[in-house]
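Taking it in order: structure first as structure tokens, then the write-up.
Please treat every number below as a calculation from the coordinates, not as lab data. Fair warning: this is a prediction, and the values are worked out from it, not measured in the lab. Reconstructed Cβ throughout: ideal geometry from the backbone, glycine too, with neighbour counts over all protein chains shown.
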């Protein structure tokens, strides 16, 4: 999830969200276990999910995601968005 893949990642994520339907009571679970690289653009993409009309949470954030959040001062935000499955 870097600036180099942001458009493709965004498009795939939005398509997946659309496939899930628009049930506002359905919790979307997004696995972050396979994230190997992330930068500010990737984190902005995740943060933009706050603007969708569905609840969501990250599952099993990778070390790369955890470290990127620490570096950018987003550890508390990550903790709010995360469930360890």
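Before anything else, pin down the relative contact order of the chain: Cα pairs under 8 Å, at least 6 apart, normalised by residue count, whole percent. Write out the running numbers ahead of the final one.
Numbers: 104 pairs, mean separation 28.1, N = 85.
Value for the chain: 33 percent.
Taking Cα Rg over 2.2 N^0.38 Å as the quantity of interest, determine which of [x] 1.34; [y] 1.03; [z] 1.09 was computed from the displayed structure. Answer label, from the structure shown: [y]. For the chain, the longest principal axis of the alpha carbon atoms and the long axis of helix 6-19 meet at an angle near 30°. Tell me the label-point distance for the pair residue 9, residue 36, using the 7 Å Cα-to-Cβ offset, in nm and rounded to one decimal. Inter-label distance under the simple model: 1.4 nm.
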